Amino acid sequence: MRKILLPLRVLEDESLSPGLLDLLAPTDVLVLGYHRVPDQTPPGAAREQFGDRAQKRLDDVAAALREAGAIVETRMVFTGAVEQTVARTADEVDADAVVHPGAAMQVDDVLVPLVGKPDLAQVAGFVAALVAERDIGVTTFALDDDRTPEDVAAVLADAGVDADHITAADGPGGGPVSAIASVAADYDAIVMGEPEPSLTEWVFGELEDRVATESLGPVFVVRARE
């Protein structure tokens, strides 16, 4: 069973959409509820002020995931170093992927762009587990010169993704983030391998700012392994 880390801004009413709940149903999920505190605010003071409300929200999310069929653990943090906390937690629990929640009422089409030469077999295995026994289309393209779309599609099929559900497409032009953003709205979710820059920069930096705003659904970033 795949281990997924789900960071969630619990005090900003960030919620889980039905499509994401369905995707997470057969997984082991650690929900990391967090509240980013200003530099001048001690985390303990923020926890004392907001802790009860944050914990209730976190418990509600965990209950929804359990009802959907997921195995769920929760943690709550008040910190000014969210990115570092997410990366450290992912290492501690040996998470297979980190998911940016996004929104999707139903997941029918998943985009798998290959960016920054991630471990293709690892990404393919994660995708196969995520869409297993579901009628979900998988579209893939590679944004480097070393892999063709057909190469990526073949590895996905070898990992267990139904070949009839795989579409190999030519990647759009432009830089990685611009290329993904240009087609993101056409898909219900994205799965990608951890590229350069690091996972934390990708999840919380340019990806969130440029791609997640394009009416994007959940984004799963499959972590690199040593």
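Read through the list (1) touching a strand residue (DSSP E or B) at 6+ places or on another chain (Cβ under 9 Å); (2) without any contact (Cβ under 8 Å) to a residue 60 or more places away in the chain, then give the number of the only condition that Asp146 fails.
(1)
Output the residues belonging to the stretch 4-20 that are in a helix (DSSP H, G or I) and of a type in the set (A, V, I, L, M, F, W, C).
Val10, Leu11, Leu20
Filter the stretch 113-134 for residues that are surrounded by fewer than 19 Cβ atoms within 10 Å (Cβ to Cβ) and closer than 9 Å to Ala159 by Cβ and give the result.
Result: Ala121, Ala128, Ala129.
Go over the candidates Thr85, Thr74, Thr89, Thr41 one by one and state the one that is among the β-branched types (Val, Ile, Thr) and modelled with pLDDT under 90.
Criteria check complete, one pass: Thr41.
Examine the stretch 48-56 for a residue that is touching a residue at least 12 places away in the same chain (Cβ under 8 Å), farther than 19 Å from Met105 by Cβ, in a loop (DSSP other than H, G, I, E, B) and basic (Lys, Arg), and state whether such a residue exists.
no
Identify, from the list Val29, Val77, Val10, the residue that is touching a strand residue (DSSP E or B) at 6+ places or on another chain (Cβ under 8 Å) and in contact (Cβ under 8 Å) with a residue 60 or more places away in the chain.
Just a single option satisfies the conditions, and that option is Val10.
Would you say Val191 is touching a Phe, Trp or Tyr at 6+ places or on another chain (Cβ under 6 Å), closer than 21 Å to Pro18 by Cβ, modelled with pLDDT of 85 or more and outside the structural domain of Leu24 (by TED's automatic domain parsing)?
yes
Taking the stretch 66-112 as the region of interest, how many residues are surrounded by 16 or more Cβ atoms within 10 Å (Cβ to Cβ), assigned to a helix (DSSP H, G or I) and either touching a helix residue (DSSP H, G or I) at 6+ places or on another chain (Cβ under 8 Å) or of a type in the set (Asp, Glu) (or both)?
The qualifying residues number 6.
Those residues that are surrounded by fewer than 23 Cβ atoms within 10 Å (Cβ to Cβ) and within 14 Å of Val98 (Cα to Cα), I need them from the stretch 28-42; list them, please.
Selection gives Asp28, Leu30.
Only one of Thr140, Thr167 is crowded, with 18+ Cβ neighbours inside 10 Å, of a type in the set (S, T, N, Q), under 17 Å from Asp186 (Cα atoms) and in contact (Cβ under 8 Å) with a residue 12 or more places away in the chain. Can you tell me which?
Thr140
Mind listing whichever residues of the stretch 145-172 are modelled with pLDDT under 75 and under 16 Å from Leu111 (Cβ atoms)?
Within the stretch 145-172, Gly171, Pro172 qualify.
The values are calculated or read from the model by the stated rules, or taken from the named source; none is laboratory data. Note that the coordinates shown come from a computational prediction; the quantities given were computed from them, not determined experimentally. Backbone-built Cβ (ideal geometry, glycine too); neighbour counts: all protein chains shown.
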